[in-house]
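Below you'll find the structure, written out as structure tokens, and then a few comments.
The values are calculated or read from the model by the stated rules, or taken from the named source; none is laboratory data. Keep in mind that this is a model prediction, so the values were computed, not measured. Don't worry about glycine lacking a Cβ; one is built from the backbone with ideal geometry, like all the others, and counts go over all protein chains shown.
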Amino acid sequence: MTTIQSIIIAIVEGLTEFLPISSTGHMIITSSVMGIEKDNFVKLFEVAIQLGAILAVVVLYFKKFFNFSRWQFYLKLVIAVIPALVLGKLLSDKIDDLLESPLTVGISMLVGGVILLFVDKIFVNAAIDNEEKISYKKGFIIGLWQCIAMIPGVSRSAASIIGGMTQKLTRSAAAEFSFFLAVPTMVAATGYKLLKTFKETPEILKDKHNLMLLGLGNVVAFIVALLAIKFFIGFLQKNGFKIFGWYRITAGIVVLILLQQGIIK
């Protein structure tokens, strides 16, 4: 992976992490189009730079994350992240295999797009408009929904937002809780991936070029994500999910065509 390639993938990550269109799926397709070999470092890079994007949430919601008098907020996140921690550990190797599959991404993008076309009409009786009204049980259920995104192309953001809407959250409240939940989820995922890499292929983390790319990728993803979060909340409140559904359907069809033509593998 070259420096330019790492920057491009990081921009894609920052733009797509908080949109319901799958950041992992877009990174997989982007790296395939650029002909990047899926070695262990690339797999690590595509997970680790998501941490940079997620840290944008901490900055934008600084007062929320560092208001230690509201311990219930932290407990809700701990409860909600448990399903991802358990399933992520159990399915780690399978997830790594799926990260090499543009076909999985194409199908997931297409199916997820169809679902997003109808989300706004299905969930119309929202009553919870902020995180304080979310119960521990509802937080855990949203965490279960988030686990669907372990399939590349599904979108962690979409899965957890829809999960929130099934629990009577408004679109904006569901989106914000999805952002909050992303922080412990991606910290854990990145930490686990780094530890696994250190144990199995420590030479990757001893390479100065690799470390430079990881640092650069996180910085770029962080900056781009700051802009993407502000855009998404405002757009979602006014327009809903339908446009993202059509985008996913189009992208899924394009990916499947490119695969069929052998342009991406």
Note on residue 193: of the conditions (1) touching a residue at least 24 places away in the same chain (Cβ under 8 Å); (2) crowded, with 20+ Cβ neighbours inside 10 Å; (3) of a type outside the set (A, V, I, L, M); (4) more than 19 Å from residue 97 (Cα to Cα), unmet is (4)
Pairing a residue in the range 249-261 that is within 10 Å of residue 105 (Cβ to Cβ) with any residue that is exposed (fewer than 13 other Cβ atoms within 10 Å of the Cβ), where Cβ atoms lie under 9 Å and the two sit 6 or more apart in sequence or on different chains, gives 259/265
Over the range 142-185, the set of residues over 19 Å from residue 108 (Cβ atoms) and among the β-branched types (Val, Ile, Thr) is 142, 166, 170, 183
Subset of the range 130-173, residues hydrophobic (A, V, I, L, M, F, W, C), in contact with a Ser or Thr (Cβ under 9 Å, 6 or more places away or on another chain) and closer than 19 Å to residue 61 by Cα, comes to 161
The condition of being within 13 Å of the chain's Cα centre (by Cα) and more than 22 Å from residue 225 (Cα to Cα) holds, among 141, 148, only for 148
Of the residues in the range 155-180, those that are crowded, with 24+ Cβ neighbours inside 10 Å and in a loop (DSSP other than H, G, I, E, B) come to 155
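Tell me which residues, restricted to the range 228-239, are touching a residue at least 12 places away in the same chain (Cβ under 8 Å) and loosely packed, with under 14 Cβ neighbours inside 10 Å. Write out each step before concluding.
To start, the set of residues in the range 228-239 that are touching a residue at least 12 places away in the same chain (Cβ under 8 Å) comprises 228-230, 232-233, 236-237.
Residues satisfying the conditions are 230, 237.
Conditions (1) under 18 Å from residue 113 (Cα atoms); (2) among the small types (Gly, Ala, Ser), marked per residue:
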| residue | (1), (2) |
| --- | --- |
| 213 | no, no |
| 221 | no, yes |
| 245 | yes, yes |
| 252 | yes, yes |
Scanning the range 17-42 for residues that are in a helix (DSSP H, G or I) and buried (at least 18 other Cβ atoms within 10 Å of the Cβ) gives 23, 24, 25, 26, 27, 28, 29, 30, 31, 32, 41, 42
Residue match in the range 70-81 (condition: surrounded by fewer than 23 Cβ atoms within 10 Å (Cβ to Cβ), among the hydroxyl-bearing types (Ser, Thr, Tyr), in contact (Cβ under 8 Å) with a residue 12 or more places away in the chain and assigned to a helix (DSSP H, G or I))
no
Note: among 151, 107, just one is crowded, with 20+ Cβ neighbours inside 10 Å and touching a residue at least 40 places away in the same chain (Cβ under 8 Å), namely 151
Taking the range 88-97 and the residues there that are within 26 Å of residue 180 (Cβ to Cβ) and surrounded by fewer than 18 Cβ atoms within 10 Å (Cβ to Cβ), the one that is modelled with the lowest pLDDT would be 92
